[in-house]
Amino acid sequence: MSWPTGGPAPRRDDPTASLVEHLRALLRLRTVNPPGDEILAARYLAGALEAAGVPARVLEPFRGRGDVVARLRGDGTGGGPLLLLSHLDVVPADAGRWTHDPFSGDLADGYVYGRGAVDMKSMVAMSLQVVLDLAAAAHAAGRDPAHEPVPGLRRDLIFAATADEEAGGLLGAGWLVDHEPDLLRADACLTEAGGVSVQAGARRLYPIQVAEKGYHRMRITVHGAAGHAAMPRPDSAAILAARLVERLAEPAPQRVTPLMRQALETVAAAVPATTGPVKRIVDAADAETALAAIDELCREPERRALRALLRDTISPTIVHAGIKENVLPGTAEVVVDCRQLPGTSAAGVEALVAAQAGEGLWAACSFEVLSHGEPVEQPLDHPLLALLGEVLTAHDPAALPLPLLAPFATDAKHTVRLGIPTYGFSPLRLAPDEPFLERFHGDDERVAVDALRWGYPVLADAVRRYCG
Ligand SMILES: [Zn+2]
């Protein structure tokens, strides 16, 4: 495939400049899911890979839903491959709320703007650049990366960028796992989201995602009494649904999983100012005490994240009631998106929803399960995980690598079905006041070029050291 018209020429001298240009080009491609159209980005990446002499396979199992996979060879003496997995789709953007067109790839004030700049086309571009640089090294050594091992690689390196992660990944990574597993099979995988700095006193925490919460989505039907709106009644379905939403929004009891306990204790030991609040969180006898200690420990939006990592959560997301302005509705619908910790079963989530609703109100409800995903836990003793910590510390002496749970779901749900240990590692070092968590799916999503300039060598080192 030829280099796409108008695309950037690769810059071998400055990998950050090269990856930034690839990132900007990717941000200009509208891969909004739905409908997706990830094929645009898959073809772009295949073009960039093939221009560097790396054969790339584009798959389009569903119209417009593209994936791209490429492989660099090692000499095979180091073990099975490392998989760099990223997703090409992005969530919609409301352009009226942005200061830059979300699909412009604008470079301004040291940031690259665009929907997907953080989630996760920056990691797509970084992963691509790793492959391009290794291919260039092969050429420089007189080897053809299309057929011959890349000097210094003892394992294969697989690059895969896939569709549909923002809708569960079933048409992307999930489809590949089910239908083309050999394209992905690896000893280990790196994907979103981790390796991004969070300032804590004099230290910088680098959460590495080693587990993720599950999800359990329920459509609850509230059965009330219908009637004439001129004679109000407290048991109309709209009133009951409002009460239900309010009760479900109350924080559930805290549960500190072993991983979260370890993470909190690691931070407490390294950052003296956190010792008191961490102890109060871990020892808390009730939710209020724990929540107050979380407020003491960190600011928004980290607070929201930490609250979610210490309990099963319930978010009412869709509420419907009523058919006419003067009729009291007899039924109402409340859809809830629950996220369960490792160790909480589907039945456990449903019991929590019932308990939060309260016996009387729950007796007026029925429900169906819309979708369910199990929590994921990766091995904590994998050599790649230890290596990620070493690489972070080598590039940032203030680094505190922190294996952590993620409150959301990623394509790791699919790779674990192939038994591939999958870690969230898309390294960036941010300015201390950068509200990174708010960039995900947020207005003016953007990533700092300086963050990429630090992060790219970290990712490249991690790959070279694991594969070398
Ligand atoms: Zn993502």
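For the range 344-468, the Cα-based Rg and Dmax, in that order, read 19.9, 62 Å. Normalised by the number of residues in the range 330-468, the average gap of Cα pairs under 8 Å and 6 or more apart makes the relative contact order 24 percent. The C-alpha radius of gyration of the chain, expressed as a fraction of 2.2 N^0.38 Å, stands at 1.05. Rounded to the nearest 500, the helix-only mean residue ellipticity at 222 nm of the chain stands at -10500 deg cm²/dmol, with each DSSP H run of n ≥ 4 adding -39,500 (n - 2.57). Residues whose amide H lies under 5 Å from that of D411, counting only those 5 or more places away or on a different chain, are absent; hydrogens are built 1.01 Å from N in the peptide plane.
One chain, two ends: H147 and D337. Fully extended at 0.36 nm per residue, the span grows by 63.7 nm beyond their Cα-Cα distance. The eigenvalues of the Cα gyration tensor, multiplied by 5 and square-rooted, give the range 18-82 an equivalent ellipsoid with semi-axes of 25, 15, 10 Å from largest to smallest. FRET efficiency for the A270 to V327 pair, using the beta carbon distance and R₀ = 41 Å, is estimated at 0.10. In this structure the range 174-299 gives 45 Å² per residue of accessible area when probed at 1.4 Å with all protein chains present.
In terms of its C-alpha gyration tensor, the range 399-468 comes out oblate, because a/c is 1.5 or above while a/b does not outweigh b/c. Backbone amide hydrogens, once placed in the peptide plane, bring L430 within less than 5 Å of S197, excluding anything fewer than 5 places away on its chain. One chain, two ends: R280 and S371. Fully extended at 0.36 nm per residue, the span grows by 29.2 nm beyond their Cα-Cα distance. Here the Karplus curve 6.51 cos²θ - 1.76 cosθ + 1.60, taken at θ = phi - 60°, turns the phi angles of the range 345-358 into couplings of 8, 4, 4, x, 5, 5, 5, 5, 4, 4, 5, 5, 5, x Hz, with x standing for Gly and Pro. Round to a whole number: what % of the accessible area of the chain belongs to carbon and sulfur, probe 1.4 Å? Answer for the chain is 53 percent, counting heavy atoms of protein chains only. What Kirkwood hydrodynamic radius do you get for the range 315-414 when you take the inverse of the mean 1/r over all pairs of distinct Cα atoms, in Å? So the Kirkwood estimate lands at 17.7 Å.
Per-residue Karplus couplings for the range 69-79, computed as 6.51 cos²θ - 1.76 cosθ + 1.60 with θ equal to phi - 60°, are listed in order as 9, 9, 9, 9, 8, x, 7, x, 7, x, x Hz, Gly and Pro entered as x. All distinct Cα pairs of the range 62-101 go into the 1/r average, and the inverse of that average, the Kirkwood radius, is 14.6 Å.
Counting only the Cα atoms, the range 211-353 fills a convex hull of 124 Å³ per residue. Based on alpha carbons, the Rg and Dmax found for the range 216-259 are 16.0, 55 Å.
In this structure, the amide hydrogen of G224, modeled 1.01 Å from its nitrogen in the peptide plane, lies closer than 5 angstrom to those of A237, T331, A332, counting only residues at least 5 positions away or on a different chain. Which listed residue (V391, A354, L380) has the Cα farthest towards the positive end of the charge dipole for the range 323-393, taking +1 on Lys and Arg C-beta and -1 on Asp and Glu C-beta about the Cα centre? The residue sitting most towards the positive pole is A354. In sequence order, the range 415-426 has phi-based couplings of 5, 5, 5, 9, x, 8, x, 10, 10, x, 8, 10 Hz under the Karplus curve 6.51 cos²θ - 1.76 cosθ + 1.60, θ = phi - 60°, and Gly or Pro positions carry x.
Computed on the range 1-151, with alpha-carbon pairs under 8 angstrom and 6+ residues apart, the relative contact order is 28 percent. For the range 290-338, the pair-distance distribution built from all alpha carbon pairs, in bins 5 Å wide starting at 0, is 5, 16, 17, 13, 12, 10, 8, 10, 8, 2 percent.
Relative contact order of the chain: 23 percent, from C-alpha pairs under 8 Å at least 6 residues apart in sequence.
Placing unit charges on the Cβ atoms only, positive for Lys and Arg and negative for Asp and Glu, gives the range 344-440 a dipole magnitude near 180 debye about its Cα centre.
The values are calculated or read from the model by the stated rules, or taken from the named source; none is laboratory data. Quick caveat: nothing in here was measured; it's all calculated off a predicted structure. Positions of Cβ are backbone-derived with ideal geometry, glycine not excepted, and every protein chain shown enters the neighbour counts. Just so you know, the surface numbers come from the protein's heavy atoms only, side chains and all, with ligands and any DNA or RNA stripped out. Shrake-Rupley method; radii C 1.70, N 1.55, O 1.52, S 1.80 Å.
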